[in-house]
1. Please give the peptides C:274-285, A:552-563 ranked by average Cβ packing (other Cβ atoms within 10 Å per residue), highest first, as a rough proxy for protection.
2. Quick one: of the DSSP bridges fully inside the protein assembly as shown, what percent are antiparallel, nearest 5?
3. Compute the helix-to-body angle for B:103-139: its Cα long axis versus the longest principal axis of chain B, expressed 0 to 90° and rounded to tens.
4. Helix-only estimate, please: 222 nm mean residue ellipticity of chain C, summing -39500 (n - 2.57) across DSSP H runs of length 4 or more and dividing by its residues, to the nearest 500.
5. With both partners inside the range A:444-569, how many of the DSSP beta bridges are antiparallel, as a percent to the nearest 5?
6. Using the charge dipole of the protein assembly as shown (Lys, Arg: +1 at Cβ; Asp, Glu: -1 at Cβ; taken about the Cα centre), state which of C:Ala299, A:Ser174, B:Leu221 has its Cα farthest towards the positive end.
7. If you place +1 on the Cβ of every Lys and Arg, -1 on the Cβ of every Asp and Glu, and leave all else neutral, what size is the dipole of the protein assembly as shown about its Cα centre, to the nearest 20 Debye?
8. Could you work out the relative contact order of chain A? I mean the mean sequence separation of Cα pairs under 8 Å and 6+ apart, divided by the number of residues, in percent.
Amino acid sequence: MTTTTETSTTTNFEAQKGKPLLEIKGLNIGFKTQNGYVEAVRGVDLSLGQGETLAIVGESGSGKSTTATSIIDLLPGTGKVTSGEIWFDGKNLVTLPKAELSDIRGREIGYVPQDPMSNLDPVLSIGWQVEETIRANRVATGRKEVRAHAIQVLKDAGLSDADKRLKQYPHQFSGGMRQRVLIGIGLSSRPKLLIADEPTSALDVTVQRRILDHLETLTRDYGTSVLFITHDLGLAAERAEKLVVMYKGRVVESGPSQEILANPQHPYTQRLVAAAPSLASRRIQSQISPSVTHGVTVSDVGSDDALRIEQAHEREAAASKAKDFIKVENLTKVYNIRQGGFKSLELKAVDDVSFEIPRGTTMALVGESGSGKSTVAKLVLQLESITSGTVAVDGQSIGALKGRELFDFRRRVQPVFQDPYGSLDPMYSVGNTIAEPLTTHNIGDRASRQARVRELLEQVSLPVSTINRYPNELSGGQRQRIAVARALALKPDVIVLDEAVSALDVLVQGQILNLLTDLQSELGLTYLFITHDLAVVRLVADNVCVMQKGKVVERATTDEVFSNPEQAYTRDLLEAIPGANFQFGA
Amino acid sequence: MPSSPSQLSADHFVADLEETPIRAVDAVDESEKPRSSWTDAWESMRSRPLFWISGVLILLIIAVAIFPGVFNHVSATSANLNNSNGSPRAGHIMGFTYQGQDVYARLIVGARASLTVGILATLICTVIGIIIGALAGYYGGWLDAVVSRIGDIFFSIPTVLGAIVIMTTIPNRTPLTVAVILAIFAWPQVARQMRGAVISAAATDYVMASTALGVSRFRILIRHVVPNAINPVIVIATVSLGTFIVAESTLSFLGIGLPGTTISWGNDISSAQTYLRTAPLPLLWPAVALSITVLSFLMMGDVVRDALDPKARARR
Amino acid sequence: MVWYASRRLLQLIPVFFGATLLIYFMVFALPGDPVAALYGDKQPSPEVIAQVRAQFNLDKPFIVQYLIWIGHLFQGNLGTTFSGIPVIDQLKQAFPITFRLSMLALLFEAVAGILVGLVSGLRRGKIFDNSALVVSLLLISVPTFVIGFLLQYFFGVKWGLFSTTVSAAAPWHELVLPAIVLATVSFAYIVRLTRSSVAETMNADFVRTATAKGLPRRRVIYVHILRNSLVPVVTYLGVDIGSLMVGAIVTEGIFNIQGVGGTVYKAIQLGQGPTVVAFVAIMVIIFMLANLLVDLLYALLDPRIRYAK
């Protein structure tokens, strides 16, 4: 049995050059849940040729990961392929016996998972985990050969000191390095196909770029076909020749990447392309020379963007009256990190940071993880004490505020945090959540508070019936709206948005950004917008501070930063935006 | 294939719009009734037969403990040596003890002592554990350091072992003293659990958001942190009610639990052991009653844990 | 690792003094005459009382009493029993028996418990799993002494397969039945703990990745799932040694084994308070040391602990 398959495989391989390596036909996948049977993937067709790269793009819940994991029979929980065929290299993987499929996994189809933090076994050393892969796929045998091979695999994946690091454990590696290890494991037996499930979405953009570049080089050298799963249209366009757009378990559009992005046909794809901030920002840039900003017409850019640019100019004009509504001077924050025993380490999270935010404008604070941007947010919110320097809001220095004064200050500056799942108390109904600021500050009676809650819900475009719901019933975007409503309840002057849209799907993200922009022009709000995503900055910010390792490395208006970045680091960040280099066809 | 513009290349596929209608981005589903996490938990519990079985048993046991007269009309203490270790007969369905007392009557009356110890010990140790654990975890610093070290000390003495030492020195033992002494050695487990849960609940964004609103620190603890940290403690409390009942019976079995004059299941098992070879029934019945009681609370604990932990619910 | 071990050892010191002080305080410093209380109904002769008073230095201030007592403890002077034998001599005789008994019980509960728990966790919702769950719940809810009596009654009295008591020398084979009795409750807890731990680990991302790497299922189970699932189980073993000690008192009492537990059991029955206190204090100390061992085992299993500063 095995011998016949082996021989047929090799002949097939020769015969099939140029033919599809992977072909999925009419795939249906269902999950059994408490509420019955749910179809997660419906009638998906796709085909991937030898040496090609194909990206499946979609938002969370679109079925893109489910489709990918079904190829190697790794569907989570109760998931099951109910019908359809998955042809890989002449074999239908759906009907293949488990033992044969296990043989294909790793050896012929490699897999790079999404979250580098949770995908390595925490109790086994890195070397062990690479070596067992090599042994299981019979890439090498014998202790020494396996070890040598493991070192080579890790070196190829970009860990130059691999031989020294074999004995280390995952928790001693950074996220980027873990992802390199996982890529090394995925490619260790030079598979014909690599499935990369959002391989870099948990990493910083510059790290992401380096790793993806590296992955591209390796797969090109090995002639590996790549199946990319991503939510990021820009990344997909940049890295894949072919694109499959999925929506609610179905393929809505597929074809050559360039063509789809330049000429999206399905309304959903059109929406996605219009909302992708990286692409939009590139468009604005490519057609506007810095001197003639005002010459933009609605047909050049999406109408939303044009409107935003117009609004930004109005705000800038208004802002010149109150240049330093928020004034941050020489702000420094030092943490003492206990190192066990009596040692402690001083960590300068924020180092001599200064900037001003004119009233009614948006200042974006951009940086990668560990840049200190979120700490600045906490200092401005007075959630952490200032080590040295000052933060003044409307002329009032806030560092020394105590008791009643601090309590009053809190009415003026409000936060919206990143994690839509963590920023609302799951035990509080939506109504109670939004009313909390009002009860805390003793504003109005029950009835008037209730009325204000309804008003706020309308302001953030949520139905009034949401008032009795609980956070666990709402989507990420809806929760974030509620967080915005809570922040607005006290009619603040300033809202600090700490990665407020980062965890959202791109369409929802666009909606929230629109909402924030509308609220700003309506209520004259001043935003401090903390983000790692420069692409989003383009859409909302008037001024930008780029932070790196606690310091502000560049400070300028948004236009200047995007058209004429002065610092190499800013340029790196801009370069690293997925899709930034993508050139549109038409 | 849908009608596609002619400039599209051959492999550019566009789905039929009617087959893939697009919905409004992120609309609220208004068709379902609002549900809090408690509603979810209740619905999860309600759907499990184990919940109803253990719930009915627990209610029955509590009823027996409060109104023994409803279930039994025979004296539990009057002894007739003619009936010593007598077999069951009409009106005395479980037979007699060595002293000739009615086993069934003692079973009914003894429920109160066992249950009292279990409930009191659980209440005391849960309340102490919650308060100490919450304060230590929330305020941290020296308070946490001191409380954690003290907790370590109590934790290093196994509950029943500690109780044995102290019980040997206490002459007048009542259900309350037994409960207090068990709770003294058992609170650190609750406190540790609570402390951990409070620390993770206090690090959430909603706590930070409330701080930024100007809500006072203590109010945040009471209104946000504790309600979100209490679930694991509820589970522990349900299960430990059962284990306290076992602990009491073990102490009584050793002769240092409730005094011999108190009618309790543990005491009855203890006094029946001598005659095990000839008359196993007087030992068996209270043992069965004890086990069913403990089992009910354990099952309830399981159901509650599954209901309060959405992860466990999904896994089932 | 060395750093971790020495840190754990250092942390043990205050706990050790705290725990012994606590026990001592509760026995001797609470209101009432401790000597009278210690002997309950069977008051000894005035000479014995005087001797006990002298032994525990009850005329001196509390803290001095404690320091003298702990000093004696370090010198191996644990006082004398009711019948005048030094406690330390009796301990030397009794300890090996209890050690054998608990090792047997520990072996049984760990091996059987982890095995059953693993199979249960891997086949969640199947017949094996459901019956394992029911049986473990039943075992937990029946107190050890009832299980002891039942097994003694059926295996010893009714079927005559084992002798109902253990001889003074307590050889290994005679300890099998008592060890099973001693292990039952903990066995049930380990089954449940392993089961839920395995169920949780099975859903971990790294397990899926291990499968995707091409590892055969057996390897995924034994190397990745089992190893990670054992971490909480080992933590439980530490706590469990405490319940084994209490269980030993009960079990050795029922089977008339002359180990540490049996001695405590008899001392309790006879109202010999000082012997109880001395032996239980020693059990607490052994419990602490055993927990130290468990912590080290834990660190061996989990590198994150090992490398934590």
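1. C:274-285, A:552-563
2. In the protein assembly as shown, DSSP labels about 60 percent of beta bridges as antiparallel.
3. It is inclined by approximately 40 degrees.
4. -24000 deg cm²/dmol
5. 55
6. Most positive-ward Cα: C:Ala299.
7. For this selection, approximately 3160 debye.
8. 14
Every number here is computed from the coordinates shown, using simple stated rules; none is lab data. In this text, all values refer to a predicted model and were calculated from it rather than measured experimentally. No Cβ is skipped: glycine too gets one built from the backbone with ideal geometry, and neighbour counts run over all protein chains shown.
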